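As structure tokens, the structure follows; a few thoughts come after it.
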Amino acid sequence: MTLEQILLLSFIQGVTEFLPISSSGHLALVPALCGWRDQGHLMDVAAHIGTLGSVLVYFHKDVFSLFKGFFSLLKGRFNENTQLLFNLIIATIPVVLMGVFFDNVVGSAFRSVTVIAWVGIIFAIILYVADKYGHFIETVADTNAKRALYFGLAQSVSLINGASRSGTCITAGRLMNYKRTDAARFAFLMSIPAITAAGTLKGYRVLKSGDFSMMNDAAMMAVFSFVFGLFAIAFMMRWLQKSTLTPFVIYRICLGLFLLISVYGGFLSIVPCP
């Protein structure tokens, strides 16, 4: 891969993983729009490692709390740290189960540009409604097992390309009257086990294939994805302290309409590439 390709894919993965605009959707669109071959599992694993690192660094205090919760659990103690740990475990179960189903049954059926476009538009509208009419009451500390399960079910929906993992989780939070920053914070914390699981699955495929010919490219992908992801998280958390999610809704609708016009108009293949 060229440096330009690595930078573009790293930027897309690092930024769109944490903005509610669908990282998998954008990554699937790049080959279609630019005529590139799919980047392959190794590069996907590298991108996941990079974005996972950015979450761990930005939310290091929460990560430390999870470790404290684990050791408290071993001692038979239950506190706010063990509650956060349990909530993340509960929120992860649906996406793991659905992930196996999608991988073994659905496959690439939901990876087409048309699906990405329609799903992006539909879930953008749902996000707008949830953000406009949701109240600002609940926080991460108020999360219980039932709410964690709702977050998890929303995350499992994001397996459909174009839905956006962070977008569906933030939408669920706003529907449950979470403050914007708290909905995003829990969504980002949920990405730790989700990204780890996805990276592990693709890592297994890489080991099985035995193809490590692009290790240098993968290392650059991981570093760049980490940097872009860190900036994206910081931007998103600061943005949500004082602004709405409407700009992301508008972007998703515009992108979806552009893709639909391109596909149904029959000129997607001539879209300029970077």
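Taken together, the values in this text are just the output of simple stated rules run on the coordinates, not laboratory data. Remember, it's a predicted structure, so these values are computed and weren't measured experimentally. Using ideal geometry, Cβ is built from the backbone for each residue, glycine included, and neighbour counts are taken over all protein chains shown.
Using a ≥ b ≥ c from the Cα gyration tensor of segment 143-274 (square roots of the eigenvalues), is it rounded, prolate or oblate, where a/c under 1.5 gives rounded and otherwise the larger of a/b and b/c decides, a/b for prolate?
Judged from the Cα gyration tensor, segment 143-274 comes out oblate (a/c at least 1.5, b/c at or above a/b).
Under a 5 Å amide H to amide H cut-off, with H placed in plane at 1.01 Å, what residues pair with GLU138 once short-range neighbours are removed?
TYR178, LYS179
About the Cα centre of the chain, what is the dipole size in debye to 20, counting +1 per Lys and Arg Cβ and -1 per Asp and Glu Cβ, all else neutral?
620
Kindly flag which residue pairs out of LYS146/LYS202; LYS75/LYS179; LYS146/LYS179; LYS68/LYS208 have an alpha-carbon separation exceeding 28 Å in this structure.
On the way: LYS146/LYS202 30 Å; LYS75/LYS179 33 Å; LYS146/LYS179 18 Å; LYS68/LYS208 35 Å.
From LYS146/LYS202; LYS75/LYS179; LYS146/LYS179; LYS68/LYS208, over 28 Å: LYS146/LYS202; LYS75/LYS179; LYS68/LYS208.
Net charge around LEU84, counting only other residues with Cβ within less than 12 Å of its Cβ (Lys, Arg = +1; Asp, Glu = -1)?
On the way: positive: LYS61, LYS68, ARG185; negative: ASP62, GLU80, ASP142.
Taking every Cβ under 12 Å from that of LEU84, the sum is 0.
Work out, step by step, the length gained on full extension between LEU207 and CYS254: first 0.36 nm times the residue separation, then minus their alpha carbon distance; give nm to one decimal.
13.0 nm
Expressed as a rounded percentage, what relative contact order does the chain have, with Cα pairs under 8 Å and six or more residues apart?
37
Quick one: Debye curve from the C-alpha atoms of the chain, no solvent, what's log10 I(q)/I(0) at q = 0.10, 0.12, 0.13, 0.17 Å⁻¹?
So the normalised log intensities are -0.50, -0.73, -0.86, -1.45.
Given the -39500 (n - 2.57) contribution per DSSP H run of 4+ residues, what per-residue ellipticity at 222 nm results for the chain, rounded to the nearest 500 deg cm²/dmol?
Numbers: 11 runs with 203 residues, N = 274.
-25000 deg cm²/dmol, from helical runs alone.
Hey, got the Cα dimensions of segment 195-255 along the principal axes, in Å, largest first?
Here the spans come out as 47, 23, 21 Å, largest first.
Would you be so kind as to identify which of SER112, THR16, GLY76 lies farthest towards the positive end of the dipole of the chain, taking Lys and Arg as +1 and Asp and Glu as -1 on Cβ and the Cα centre as origin?
Selected residue: GLY76.
List the relative contact order of segment 143-227 as a percent without decimals, with contacts defined as Cα pairs under 8 Å and 6+ residues apart.
16
Could you check which residue among THR92, THR171, THR244 shows the biggest mean-square fluctuation in a GNM of the chain with a 10 Å Cα cutoff?
Its mean-square fluctuation being the largest, the pick is THR244.
Pairing the Cα long axis of helix 3-16 with the longest principal axis of the chain, what angle in degrees results, from 0 to 90 and rounded to the nearest 10?
40
Which FRET efficiency value, to the nearest 0.05, is calculated for LYS75 and ALA145 with the Förster distance at 22 angstrom and r the Cβ-Cβ distance? Don't jump to the answer; show the numbers that get you there.
Numbers: r = 21 Å, r/R0 = 0.96.
So, using R0 = 22 Å, E works out to roughly 0.55.
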